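> I'd like to ask some things about the structure below.
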Amino acid sequence: MAALVRRGRRCEHAGVDVAAIADYLGVSPVFAPLGPADRLALATKMRSRHFQRNEVIFHRDDVAGHVYLIASGTVKISVQEESGQEVVVALARGGDVFGELALFDDGPRSATVTALTETMTLALANRDFTSVLEHSPGAMKELLALLARRMRHSTGHIEDLVFLDLPGRVAKCLLDQDEVLGGGGTLHFTQEVIASFVGATRVAVNRVLVDLERRGAVRLGRGYVEITDASLLKREIHH
């Protein structure tokens, strides 16, 4: 997908394959309920934006004006506790949409989004999207259902932080993210990223991971964790 848009922080229609972008919108849960004509109309209004690794796309409390579709790369959606500890709410990858709350009100951003890898996005002004949704009640219903599912996921994540001990949170994070990535068993996450997922320090997470490795549940490498015994990880998860 990244090849469909010209490299650069922002580009106009030159260098953009609008028809290919419209097809790409068809595989996104947010845009798929729209008809082909609506997706093509939106594709003409989208702008490509390129972000370097660790570059902040927007901060919490920034003015919200766009929704983003990821063409390539991975971003993290995070909030900061009063203590200053970063907590990752979710990861989003190619085909995912983030910033969609801007479609429903004019409030500020509710979280910070940062590129974990070099990332290409397609940005769409909320006014352009809502003008199409207003004429497509079926698509609006699908979008609300998607937001409800994401809200339930976020609620479950908060419950994990409250009720699970740290080994349980680490184990569940590894299993959940492996499932999201397709069950390959190898997570290319640094220990800092895992720590931000589970609301702990890197040092504390390192102690848990070293213990899990000693017991044969995982194998640690530079910048990755390999799951070697998923059943042992599941036994670590208990409220």
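The values are calculated or read from the model by the stated rules, or taken from the named source; none is laboratory data. Bear in mind the structure is a predicted one, so any value in this text is a computation, not a measurement. Quick reminder, even Gly has a Cβ in these numbers, built from the backbone with ideal geometry, and neighbours come from all protein chains shown. These accessible areas exclude ligands, DNA and RNA; they are computed on the full protein's heavy atoms, side chains included. Shrake-Rupley method; radii C 1.70, N 1.55, O 1.52, S 1.80 Å.
> Label-point separation (nm) for residue 165 and residue 130, each offset 7 Å from Cα along Cα-to-Cβ?
Between residue 165 and residue 130, the simple spin-label model gives 4.8 nm.
> Set Lys and Arg Cβ to +1 and Asp and Glu Cβ to -1, take the dipole of the chain about its Cα centre, and tell me which of 35, 123, 148 lies farthest positive.
Checked the options; the winner is 123.
> Which of 208, 21, 224 sits closest to the plus end of the dipole of the chain, meaning its Cα is farthest towards the positive end, when Lys and Arg get +1 and Asp and Glu get -1 on the C-beta?
Positive-most Cα among the choices belongs to 224.
> With only Lys, Arg, Asp and Glu charged, each at its Cβ (+1 for the first two, -1 for the last two), find how big the charge dipole of the chain is about the Cα centre; round to the nearest 20 debye.
Rounded to the nearest 20 debye, it is 460 debye.
> What are the radius of gyration and Dmax of segment 89-148, computed over its Cα atoms and given in Å?
When restricted to the Cα atoms of segment 89-148, Rg and Dmax are 12.7, 36 Å.
> Follow-up question, since we're still on this one. Over the chain, calculate the relative contact order: mean separation of alpha carbon pairs under 8 Å at least 6 apart, over the residue count, as a percent.
It comes to 18 percent, rounded to a whole number.
> Then there is this: Evaluate the Debye formula for segment 198-239 with equal point scatterers sitting on the alpha carbons, no solvent, and hand back log10 of I(q)/I(0) at q = 0.23, 0.26 Å⁻¹, in q order, two decimals.
Normalising to I(0) and taking log10 leaves -0.83, -1.01.
> Could you check how much of the accessible area of the chain is carbon and sulfur, as a whole percent, using a 1.4 Å probe?
Numbers: 6340 of 12090 Å².
Taking all protein chains in place, the chain shows 52 percent carbon and sulfur surface.
> Additional query: Whole number in Å², please: accessible area per residue of the chain, 1.4 Å probe, ligands, DNA and RNA not counted.
So the chain comes to 51 Å² accessible per residue, rounded to a whole number.
> Give me the Kirkwood hydrodynamic radius of the chain, using the inverse of the mean 1/r over all pairs of distinct Cα atoms, in Å to one decimal.
Result for the chain stands at 19.1 Å.
> Then there's this: Between beta-carbons, use under 13 Å as the cut-off and find the net charge around residue 108, counting Lys and Arg +1, Asp and Glu -1.
Working: positive: 60, 109; negative: 61, 62, 105, 106.
Around residue 108, the surrounding residues sum to -2.
> Report the net charge of residues surrounding residue 201, where surrounding means a beta-carbon distance below 12 angstrom and charges are Lys +1, Arg +1, Asp -1, Glu -1.
It works out to a net charge of 0.
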